[in-house]
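For reference, the structure discussed in these notes is given below.
The values are calculated or read from the model by the stated rules, or taken from the named source; none is laboratory data. Please read these numbers as outputs of a predicted model, since none were measured by experiment. Note that we place each Cβ from the backbone using ideal geometry, even for glycine, and neighbour counts take in every protein chain shown. Surface areas here come from the heavy atoms of the whole protein model, side chains and all, with no ligands, DNA or RNA. Shrake-Rupley method; radii C 1.70, N 1.55, O 1.52, S 1.80 Å.
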Amino acid sequence: MEYLDFRSDTVTKPTEEMREAARSAVVGDDVWGDDPTVQELEAYAADLLGKEEAMFVASGTMGNVVSVLSQTNPGDEVFLEADSHIYHYEVGGISALAGAIPHLIRTEYGNVTSKQLTQEIRSENIHFPHPSLICLENTHNRHGGTALSVSEVASPAKTAHDHGMRVHLDGARLFNASLYHNVDVKEYTKHADTVQICLSKGLSAPIGSIVASDKDTMKIARKKRKMLGGGMRQVGIIAAPGLVALRDMRDRLIEDHRNAKKLGDGLKSLGYEVIEPQTNILVVSTRGKFASTEEAVKVYESLGIGVAAFGINRVRFTTHRHIDKHIVSEVISRISQLEK
Ligand SMILES: Cc1ncc(COP(=O)(O)O)c(C=O)c1O
């Protein structure tokens with residue numbers, strides 16, 4: 001039985017073109033600034049994201065923590081959406097490494113509003129940590145891949161800037177958001193001081209993320225990356241597939257959105273409650289179907305279906321390049337066996 005892997009879009013394998021790009025990449029020592037392939041990727045990414053400079057990093061997690069390290073001092077307060085990836089899934093790095101204290105804001109679907117932020121920022125007092133940064137996430141993973149609109153990014157960003165704070169955009173899946181709202185990605189990034197995008201998710205590169213910002217911030221960010229051990233040598237080998245991903249794979253993400261919608265509709269017809277998917281993430285309630293999330297994951301595994309545990313009575317299906325509409329039909333058919 002073929003294993004149908006919906007656990008994450010991070011399971012995507014590099015394309016033949018990416019493998020060939022890796023094989024033939026011209027490389028040099030990137031810590032010495034000698035790798036032309038990395039430079040090409042970084043220039044391309046900076047242009048695409050409308051920033052002065054971009055930098056290749058090992059992962060989205062590294063990109064986020066480098067961004068926080070570059071814009072805060074130990075003890076500073078960092079505002080985060082309560083279900084953010086940075087808070088839940090990055091091993092507390094912003095506290096352990098940057099010394100930041102998270103200030104969580106609970107929202108309906110990942111949308112921190114200007115009003116909420118205004119209420120949460122405290123005025124200067126000798127007792128309080130310095131509020132220096134807000135991190136927004138788009139699309140929002142734990143809320144089910146919700147795509148914030150431009151104004152939902154611009155509005156809290158303006159409030160943060162009005163209070164002298166900086167704005168980081170965790171855009172691990174920012175191209176999914178820009179496709180959903182049919183806007184250029186720069187419409188989002190122009191409101192953020194730093195942005196992180198992942199090459200290794202729906203875009204299918206094997207490794208890597210990008211951090212982009214203004215020149216002064218990137219000077220600090222390069223040093224922070226080195227401090228974390230992220231200064232890599234002949235890194236063009238992995239940057240080359242990243243460049244293919246960024247150039248050629250953005251438009252295909254729309255297929256993932258279609259397949260998530262088709263899967264959601266199929267599961268709803270079997271009586272499942274789902275969060276209506278906007279992009280490639282489908283969050284499904286297992287309440288009334290399974291005793292626990294763990295049981296759901298196990299039963300799906302036994303049917304040859306990989307899903308991610310996603311909180312109490314919730315699993316996540318993520319669509320990606322290796323999931324086509326036939327696989328979606330097949331997974332619905334396998335799950336329907338449980339109903340008999
Ligand atoms: C929203 C978001 N940010 C950051 C990351 C971290 O990326 P990585 O797994 O490359 O560290 C992820 C990974 O799934 C994510 O979903």
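Quick rundown of the values:
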quantity: Helical contribution to [θ] at 222 nm, DSSP H n ≥ 4, -39,500 (n - 2.57), averaged over the chain, rounded to 500; calculated: -12000 deg cm²/dmol
quantity: Phi to ³J(HN,Hα) by Karplus 6.51 cos²θ - 1.76 cosθ + 1.60 over the stretch 276-287, Hz, x for Gly, Pro; calculated: 3, x, 9, 10, 9, 10, 10, 9, 10, 7, 9, 4
quantity: Extended-chain gain in nm, criterion 0.36 nm per residue less alpha-carbon gap, Ser269 and Lys215; calculated: 14.3 nm
quantity: Antiparallel %, DSSP beta bridges [both residues in the stretch 85-198], to 5; calculated: 10
quantity: Ranked packing of 301-313, 206-218, 168-180, most packed first, by mean Cβ within 10 Å; calculated: 168-180, 206-218, 301-313
quantity: Alpha-carbon centroids, the stretch 114-171 and the stretch 22-75: separation in whole Å; calculated: 24
quantity: The stretch 215-340, accessible surface, carbon-and-sulfur percent (1.4 angstrom probe); calculated: 52
quantity: Rounded accessible area per residue of the chain, 1.4 Å, Å²; calculated: 43
quantity: Lys/Arg +1, Asp/Glu -1 at C-beta; the stretch 210-340 dipole; positive extreme among Gly231, Ile254, Gly271; calculated: Gly231
quantity: Calculated P(r) of the chain - Cα pairs past 33 Å, %; calculated: 29
quantity: Rg followed by Dmax, in Å, when the stretch 46-173 is reduced to its Cα trace; calculated: 13.9, 42
quantity: Anchor Lys115: lysines whose Cα lies under 27 Å away (excluding residues fewer than 8 positions away in-chain); calculated: Lys158, Lys186, Lys190
quantity: Per-residue ³J(HN,Hα) for the stretch 311-322, Karplus 6.51 cos²θ - 1.76 cosθ + 1.60, θ = phi - 60°, Hz, x for Gly and Pro; calculated: x, 5, 6, 9, 10, 10, 9, 10, 8, 6, 4, 8
quantity: Check: the stretch 272-340 dipole with +1 on Lys, Arg Cβ and -1 on Asp, Glu Cβ, in debye; calculated: 20
quantity: Mean separation of Cα contacts under 8 Å, 6 or more apart, over the residue count of the stretch 1-67: relative contact order %; calculated: 14
quantity: Over 20 Å [Cα-Cα, the stretch 1-91], rounded percent; calculated: 59
quantity: Computed magnitude of the charge dipole of the stretch 62-174 (debye, nearest 20; Cβ of K, R +1, Cβ of D, E -1); calculated: 80
quantity: Calculated from backbone phi, Karplus (6.51, -1.76, 1.60) coupling profile of the stretch 259-273 in Hz, x at Gly/Pro; calculated: 5, 5, 5, 4, 5, x, 4, x, 5, 4, 5, 8, x, 7, 8
